[in-house]
Amino acid sequence: MNKENLKKIVMPLLCILFAALCSMGFLFGVAKLDVTQALGKIVVVYVAIAAFTFGVLWIGYKKYKLELHLLYFIALLGLGSILTVAEPVFSAPDEMVHFFRAYDVSNFLLGETSDTVVSTHRMSEWNLTYYETEISKENIQKYGDAFSLKEDHSLLTWIESRKTTSPRILYAIGGIGITFGRLLHWNLAPMAAFGQLLSLIFFGAVTAYGIYKIPFAKRTVAVIGLLPMVVQQATSFSYDMEINGAAFLLVCLSLSFLEERPKKKDVVFYVLALWILYCAKAHIYAILVLVTVALFAKRSWLEKSKRKVLIPMGGILILGGAYACMEFADNLQTVPVIARLQEEGHSPYYYLTHLGYTIPLFLRTLLRRGTNYIFQMMGGSFGWFQIYVWTPIVVLLFLLVLVSAIRREKEPCYTVKKRILILIPCVAIGMLIFAAMLFYETGQNASVIEGVQGRYFLPVLLPVLISLGFWKKPILPKEVKEEHFLLVAAGLLYITILDYLYLIP
């Protein structure tokens, strides 16, 4: 290696080291953290891991010319792994019910008692040694102490009501992590952290494969995959991890099928992704399959010779749609009880027959909370909307997402008709999300639709950007590489997590 190439690698590494030292000085100087406490130790570990991660990214990019999907996987694991301890189990939204559903999957794998009423749990999970839901320095200290607590790992059959009834497939990865921890007789804290880490690795592998397969917009997938909200959900027991991964992969494979004949394993991955989307959230996200239909409209795959494939696929789609409509029809007259409010809401029939009330309610929600949904989707808040990071960071994340959808010279540009066809199912999913929250979370006296969260729209973010971006002009300069977007996204993720650690009360 000549001196010029060596300088291109050494100088950035020195900058990374300088940034790490500045981060340490800021958090231990301005925030006055104590390195002997759990949060202080987490900060030291995070800055060290992050510095190592950026060093590997830069060397991998400059010297070894690693492909974008490999760089993404390195960045996600290096920066995201710290959240398995910096954001303790149960501190993400609805994490407790998700954890116990994953535990239920573990029971199933181990052949223990597991049904809707009775489950077999260790004493440490029956009488939780750590159960805090708020993020604070004190609770992080408790979580750190829980790693070494003396726990009773004997089994106890008990009646419990903390788990959700969502399909087990949505919690398979977290369940495997819990099973591993139980077999090794780990405490609750390390068992939970390992389950979260396994979820992060799985999500990273799925998204990296999507980046590898998608023929264009690789940088867009990488940027979305490094959004703080995506990473937070990937390091939790929530089924958002599987939903987001399945949605990203389905769209990426759909675009790859346009360029090359699909391999058998890719067809299997596509079907698995669609199955996961169908199992989750009342089948809402399964509508993303229509993005594939829109992409293939009037192409060679729709010729008569393909009818043997198209007819069964069309039949499956029709049956699935009919089943979803039957479920909706059964609930049409049902008047829900909003558990959070302990009061009744309105039935779907009421909303459909009182459009003069429903439409203004929807418009008020968009006007009052639309920017909040974007803020949440980008990752501006952590936990149960407890910690809000600095707004300019969120603005930069949003701008990076938009700029990533600017077309490169050799990338395709779809017709307006094709864009509309791609956008229609995304809008339909968005409307159904609002409708579900209108039915399950909104009381009769509400002025806006309650319960909607920005993270619910992440699965449709990629196809929305493809349908609204990638026009003939403007065109990204040739000097701007795909890897530059990943490095900037990783840098913003680092700053966001650093700001989160600083803001923990």
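Odds and ends about this structure:
- Taken over segment 435-464, residues that are over 22 Å from residue 245 (Cα atoms) and not small (Gly, Ala, Ser) amount to 11.
- Some residue of segment 407-426 being aliphatic (A, V, I, L, M), within 24 Å of the chain's Cα centre (by Cα) and under 21 Å from residue 221 (Cβ atoms): yes
- Verdict on residue 362 being under 21 Å from residue 497 (Cα atoms), open to solvent by less than 60 Å² (accessible area, probe 1.4 Å) and touching a residue at least 24 places away in the same chain (Cβ under 8 Å): no
- Unique residue being surrounded by fewer than 16 Cβ atoms within 10 Å (Cβ to Cβ), in a helix (DSSP H, G or I) and modelled with pLDDT of 95 or more when the list is 48, 75: 48
- Those helices (runs of 4 or more DSSP H) of segment 171-227 in which 1 or more residues are touching a strand residue (DSSP E or B) at 6+ places or on another chain (Cβ under 9 Å) occupy 172-183, 188-213.
- In segment 385-414, the qualifying residues are those that are open to solvent by 70 Å² or more (accessible area, probe 1.4 Å) and in contact with a strand residue (DSSP E or B) (Cβ under 9 Å, 6 or more places away or on another chain), and the one that is nearest to residue 493 (Cα to Cα) is 388.
- Of 178, 214, all but one fail to be β-branched (Val, Ile, Thr), over 30 Å from residue 491 (Cα atoms) and open to solvent by less than 10 Å² (accessible area, probe 1.4 Å); the exception is 178.
- Identity of the residue in segment 78-116, of a type in the set (D, E, K, R) and closer than 30 Å to residue 381 by Cα, that ends up surrounded by the most Cβ atoms within 10 Å (Cβ to Cβ): 87
- Screening segment 29-45 for residues that are part of a loop (DSSP other than H, G, I, E, B) and β-branched (Val, Ile, Thr) and picking the one that is farthest from residue 77 (Cα to Cα) gives 36.
- Checking every residue in segment 120-134 against the condition of being in a strand (DSSP E or B) and of a type outside the set (S, T, N, Q) gives at least one match.
- The set of residues in segment 31-68 that are of a type in the set (D, E, K, R) and within 20 Å of residue 497 (Cα to Cα) comprises 32, 34, 41.
- Test: residue in segment 165-172 that is aliphatic (A, V, I, L, M), under 30 Å from residue 55 (Cβ atoms) and in contact (Cβ under 8 Å) with a residue 12 or more places away in the chain: no
- Boolean, residue 479 is at pLDDT 95 or above and either among the basic types (Lys, Arg) or open to solvent by 20 Å² or more (accessible area, probe 1.4 Å) (or both): no
The values are calculated or read from the model by the stated rules, or taken from the named source; none is laboratory data. Predicted model only: the values in this text are computed from it and were never measured. Neighbour counts are summed over all protein chains in view; Cβ atoms, including those assigned to glycine, are modelled from backbone coordinates with ideal geometry. Just the protein is used for accessible areas: all its heavy atoms, side chains included, with ligands, DNA and RNA removed. Shrake-Rupley method; radii C 1.70, N 1.55, O 1.52, S 1.80 Å.
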